[in-house]
Amino acid sequence: MEKESRRRRRIGTFQIALIIALAMGAAIVIGAVAGALAPNIGQLLRFFPGHKKGARFNYQLKSALSKLATKGLIVFVEENGKKYARLTDAGKRAFALERARIGIVKKKRWDRRWRIVVFDIPERRKNARTRLRTFMQECGFVRLQNSVWVYPYDCEDLIALAKTEFHIGADALYMIVEQIEQDKHLRTHFDLPVD
């Protein structure tokens, strides 16, 4: 199970890398040789141990591109007799969300305020609720209760993008609070000073 889980995460990471490369202006040519890529795609390979140009890489690239197209994040267009992958609006939003998620890094100094996200998403939108919970966990938030998540640093832009991406709008609220009762476990988790 662990091996399969790692493989799935790696493929997801590969898809994210392709989205980032496309957003940065890389040209991915689709055809008999999927290795006909802009130079910066090749540079992405160093982030994926075991990925080398060749038949296996071509297969993984085509598979990842196919999955991205199925998700509506890219489209294939033909120009000058060559087929290229291009980001859709949904792909551009996915890129912005990923960039914001990566951007919520720990600051050197904590401003002693907690960022809390509270959401109440109706049962009929259970899928959006589940996706949001998974997203919050992946971003490093800590769950206080089922629909209450906390983070110590500014993440307002990330939450605004997530609300747009998951179509939850007013069903989620972003708060900045001065104190949380019995927050020692949170401070310990985030490696913050314990008073």
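On the given criteria, is Ala162 closer than 27 Å to Ala90 by Cα and surrounded by 18 or more Cβ atoms within 10 Å (Cβ to Cβ)? Write out each step before concluding.
Values: closer than 27 Å to Ala90 by Cα: yes; surrounded by 18 or more Cβ atoms within 10 Å (Cβ to Cβ): yes.
So Ala162 fits the description; yes.
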Whichever residue in the stretch 140-195 is of a type in the set (D, E, K, R) and in a loop (DSSP other than H, G, I, E, B) and, among such residues, is farthest from Leu97 (Cα to Cα): Asp195
Quick one: Lys53 ticks every box in (1) modelled with pLDDT under 80; (2) surrounded by 16 or more Cβ atoms within 10 Å (Cβ to Cβ) bar one, so which box is it? (2)
Scan (1) modelled with pLDDT of 90 or more; (2) surrounded by 15 or more Cβ atoms within 10 Å (Cβ to Cβ) for the single condition Glu178 breaks and write down its number. (2)
If Val118 satisfies every condition in (1) in a helix (DSSP H, G or I); (2) closer than 24 Å to His189 by Cα; (3) of a type in the set (A, V, I, L, M) but one, which is the exception? (1)
For the stretch 117-150, enumerate the residues that are within 17 Å of Glu165 (Cα to Cα) and of a type in the set (S, T, N, Q). Asn127, Thr130, Thr134, Gln137
If I ask for residues that are closer than 19 Å to Ala170 by Cβ, at pLDDT below 90 and of a type outside the set (D, E, K, R), which ones from the stretch 131-150 would you list? Leu132, Phe135, Met136, Asn146
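Hey, could you check the stretch 120-154 for residues that are of a type in the set (Phe, Trp, Tyr) and over 21 Å from Ala94 (Cα atoms) and say which is surrounded by the most Cβ atoms within 10 Å (Cβ to Cβ)?
Step one: of the stretch 120-154, the residues of a type in the set (Phe, Trp, Tyr) are 135, 141, 149, 151, 153.
Checking the rest, the ones that are also over 21 Å from Ala94 (Cα atoms) come to 149, 151, 153.
On the way: Trp149: 24, Tyr151: 20, Tyr153: 15.
Across the stretch 120-154, the extreme among qualifying residues is Trp149.
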For the stretch 137-195, which residues satisfy the criterion of being under 19 Å from the mean Cα position of the chain (by Cα) and small (Gly, Ala, Ser)? Gly140, Ala160, Ala162, Gly169, Ala172
Log entry, pairs with first residue in the stretch 77-88 being of a type in the set (Val, Ile, Thr), second being assigned to a strand (DSSP E or B) and surrounded by 10 or more Cβ atoms within 10 Å (Cβ to Cβ), beta carbons closer than 9 Å, six or more apart or on different chains, reads Val77/Lys83; Val77/Tyr84; Val77/Ala85; Val77/Arg86; Thr88/Ile74; Thr88/Val75
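The values are calculated or read from the model by the stated rules, or taken from the named source; none is laboratory data. Just so it is clear, the model here is predicted, and its values are computed rather than measured. Reconstructed Cβ throughout: ideal geometry from the backbone, glycine too, with neighbour counts over all protein chains shown.
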